[in-house]
Amino acid sequence: MKLRKILLVNPQIKLNWVRAHIGIYGNELADLSAKNATTKEEVDIKVKIPKSWIKNQLKLTMLQEWQARWMSSPNSRFLYGIFPEVNTKRCHGDFLINQILTTHGCFPVHQHRIFGKSPDCECGRDQSTVSHYVYGCQIYREVRQKYFPENFFQLGILELILNTRGKIGLKIIIQDVLTKSLACVVSSS
């Protein structure tokens, strides 16, 4: 089974059947070496494995284990809905965008779970989730009209993040939500 995995990962390695004992020099030499090796008390040859192969195998194993944990975790299901496949090359190093992707931080629904604050939006129509702010909150209707594409209701969060103007609109919404969240913290101190 290990050999099969090695061959799958290394398609440049080819195995061919060679008929035995018909005078093929390389095959006869291999047979002789194999017979001689059976009489030795110690293994006296080291087969070096390239570091690049080891690194590749470790990365592959890490990604497989990460993917398995990501698929089975009960946490971060909103983010899982956006990114069901793990990827080391995808990084959104933007604080405001990460607030959307994680649904943490400034959102009252998250603060309700952590601090017991009200999860309701100030518009009074729904709980203050990412989806509500992005798609339904009347407070941000003008931002959506100005920055989001006309078909934004058909787009997912990731498509809005990848849309240049949509991303600006998202950041305006999240900045406002964050500012209001911080104002509540300052006023309650």
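Local charge sum around Ile82 (other residues, Cβ-Cβ under 11 Å, Lys/Arg +1, Asp/Glu -1)? Before the final figure, lay out the partial values.
Working: positive: Arg77, Arg90; negative: Glu85, Glu159.
After counting each charged neighbour, the total is 0.
Let me spell out the model: positive unit charges on the Cβ of Lys and Arg, negative unit charges on the Cβ of Asp and Glu, origin at the Cα centre of segment 85-149. What dipole size does that give, in debye rounded to 20?
Values: 8 positive and 6 negative charges, 22 e Å.
So the dipole magnitude of segment 85-149 works out to roughly 100 debye.
Just the number, please: carbon plus sulfur as a percent of the accessible area of the chain, 1.4 Å probe, no ligands or DNA/RNA counted. Show your work: numbers first, answer last.
Values: 8210 of 14040 Å².
Carbon and sulfur atoms account for 58 percent of the accessible area of the chain.
Can you order the peptides 71-78, 119-126 by their average number of other Cβ atoms within 10 Å per residue, highest first?
Working: 71-78: 10.2, 119-126: 14.4.
The peptides rank, most packed first, as 119-126, 71-78.
Using the charge dipole of the chain (Lys, Arg: +1 at Cβ; Asp, Glu: -1 at Cβ; taken about the Cα centre), state which of Thr103, Gln57, Met71 has its Cα farthest towards the positive end.
Farthest towards the positive pole: Gln57.
Say the dipole of the chain comes from +1 at the beta carbon of Lys and Arg and -1 at that of Asp and Glu; which of Ile24, Tyr80, Ser128 then lies farthest toward its positive end?
Of the options given, the answer is Ile24.
Projecting each Cα onto the charge dipole of the chain (Lys/Arg +1, Asp/Glu -1 at the beta carbon, about the Cα centre), which of Ile174, Phe148, Ala37 comes out farthest on the positive side?
It is Ala37.
Using modelled backbone amide H atoms (1.01 Å from N, in-plane), which distant-in-sequence or interchain residues come within less than 5 Å of Gln127's amide H?
Under 5 Å from the amide H of Gln127: Cys121.
Taking the Cα centroid of segment 118-134 and of segment 71-117, what is the distance between the two, rounded to the nearest whole Å?
If we compute the Cα centre of each part, the gap is 17 Å.
What dipole magnitude, in Debye to the nearest 20, does the chain give about its Cα centre under +1 on Lys/Arg Cβ and -1 on Asp/Glu Cβ?
Numbers: 26 positive and 15 negative charges, 81 e Å.
So the magnitude is around 400 debye.
Under the Kirkwood approximation for Rh and a Cα-based Rg, what ratio Rg/Rh is obtained for the chain? Mind showing how you got there, number by number?
Values: Rg = 28.9 Å, Rh = 22.0 Å.
Reported Rg/Rh (Cα atoms, Kirkwood Rh): 1.32.
Which order do the peptides 42-53, 141-152, 4-15 come out in when sorted by mean C-beta neighbours inside 10 angstrom, highest first? Show your work: numbers first, answer last.
Numbers: 42-53: 7.4, 141-152: 14.7, 4-15: 9.3.
The packing order, highest mean first, is 141-152, 4-15, 42-53.
Based on the alpha carbons, how large is the Rg to Rh ratio for segment 91-187 when Rh follows Kirkwood?
Working: Rg = 12.9 Å, Rh = 13.6 Å.
Across segment 91-187, the Cα-based Rg/Rh ratio is 0.95.
The values are calculated or read from the model by the stated rules, or taken from the named source; none is laboratory data. Computed from a predicted structure; not experimentally measured. No Cβ is skipped: glycine too gets one built from the backbone with ideal geometry, and neighbour counts run over all protein chains shown. Accessible surface areas use protein heavy atoms only, side chains included; no ligands, DNA or RNA. Shrake-Rupley method; radii C 1.70, N 1.55, O 1.52, S 1.80 Å.
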